[in-house]
Amino acid sequence: MNQGQTRFDEILNFIKADRLRESSRGPQDILVETESDKGRVINSASFRRLQQKAQVFPLDTNAAVRTRLTHSIEVSQIGRFLAQKIIEGCGVTHYSYEKLAAFANTIETACLLHDIGNPPFGHLGEAAIRDWAKSKEYAADLTEFDGNPQGFRLMTFLGGHDDYGMNLTCSLILSTVKYPWDIDNKPDGKRKVGLFTMDKKNYDYSCEKVGWNSGDKFPFALIMEAADDISYSMSDLEDGLEKGIISVGDIRDAFGEEQVPVENSSKISPFIDFKTRVIRDVVNEASNIFVESIDDMLAGQNVNLVDSNNPSGALVEEVKKFAREKIYSDAAAEKVELAGRSVISGLLHHFGTLLDLTEEQFLFLVNEDMENLKGLGLDFEIRLMRRLPKSYRERYLSQKRGDEMLRRTHLIVDFIAGMTDDFALEMYQVLEGIRIK
């Protein structure tokens, strides 16, 4: 057995059947457990809602332009491809099909989950929530709101019928965490958090079950992150072409005729040929880096699998820069994003009135205690509360998860962050009196 195979043993040993809550059917074969994980994700309402959350262009009527859902599916395909190339690169010959398939499944499902916490209207929606939270002294971790910690919260708490969310395997949970710290444990120099304070205990529990050091980037998460980098760098170019913002000639001018020839011998378009070659080359490069860096990853080091110091990684960085300059700054994207920021800010303003109530009054609303609500003059607040999902209100009542005002603030953000772009716009218009139904 070669050294790569021996070290890959340790990587595969991180795939465990343990869940946040023991499954009612008991532990099954590891392949069955990873298939169950995938089923829980793709059958969840949160995953379905990604079909109406934008990747780059919110509220676009062109079905060929990517949503968060189609993007997530593409990332999952690249993630599975990358997992297979890693298996090949390790020269693996002695593992069962079940163990290797479970590895690929875990990577694929982590990729499906990578954007599940994103709010409406993308990064400007995130910024609106962060700015709103800065005036709430009891919600410090929401000042660093991001789709990553919200996604973790959704899959481990909000997205099911009890306090364990989708009740995924602990291995999969760790595979989704790009930033394995909360605001209280954020290392110096790090810009983002990947966990909210009240959700960190589920992360720590998962580390314990899998045998991983809390605070270190999990090797599977590195693969998920690489798959996302590879996918969106190329798909955003394709969306720019679909929208007519850029042309194949623009791409050729930026990357050269050698990369995007005027004519080719194949029947596929020059851009598809370019896209396919780039993805293949960078996946091969990333898988080689993974295999060569297993010791570093097992030691908890953050290894960049799409490395700009290597040829294919450098090309991906050039593609990202081109997209920032030519596509993301286009008026078609920016105008809707600006409007979307106002939508999210407006929703937070209206639902934020629920924070002005006493705890007793708020509990009357949560429990729909109409007898005690009589005469309190809370007609508007009653109707606001009815908009909040019953399952989220039940999660708010989980008193072990922190201070009441923090839980209340998260309840409001949970609801708004879970909205689709079009539902957020419609709700805002209703609350502003712009539309009646």
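Every number in this text was worked out from the coordinates using simple rules, so none of it is lab data. Bear in mind the structure is a predicted one, so any value in this text is a computation, not a measurement. When we count neighbours, we look across all protein chains shown, and the Cβ atoms used for this are built from the backbone with ideal geometry, even at glycine.
Tabulated data
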quantity: Fully extended contour minus Cα-Cα distance, from Glu371 to Lys186, at 0.36 nm per residue; calculated: 62.0 nm
quantity: Exposed-site-free run, longest, the chain (rule: GluC sites (Glu not before Pro); DSSP loop; at most 16 other C-beta within 10 Å); calculated: 138-256
quantity: Relative exposure of Ser287, Ser206, Ser329, judged by other C-beta atoms within 10 Å (fewest first); calculated: Ser329, Ser287, Ser206
quantity: Cα shape, the range 297-437, gyration tensor, a/c 1.5 rule; calculated: oblate
quantity: Spatially proximal lysines relative to Lys85 (Cα-Cα < 19 Å; intrachain offsets below 8 disregarded); calculated: Lys99, Lys275
quantity: Potential lengthening between Ala299 and Glu35 on full extension [0.36 nm per residue; Cα-Cα distance subtracted]; calculated: 92.2 nm
quantity: Eligible lysines near Lys53 by straight Cα distance, threshold 20 Å, same-chain separation 8 or greater; calculated: Lys243, Lys335
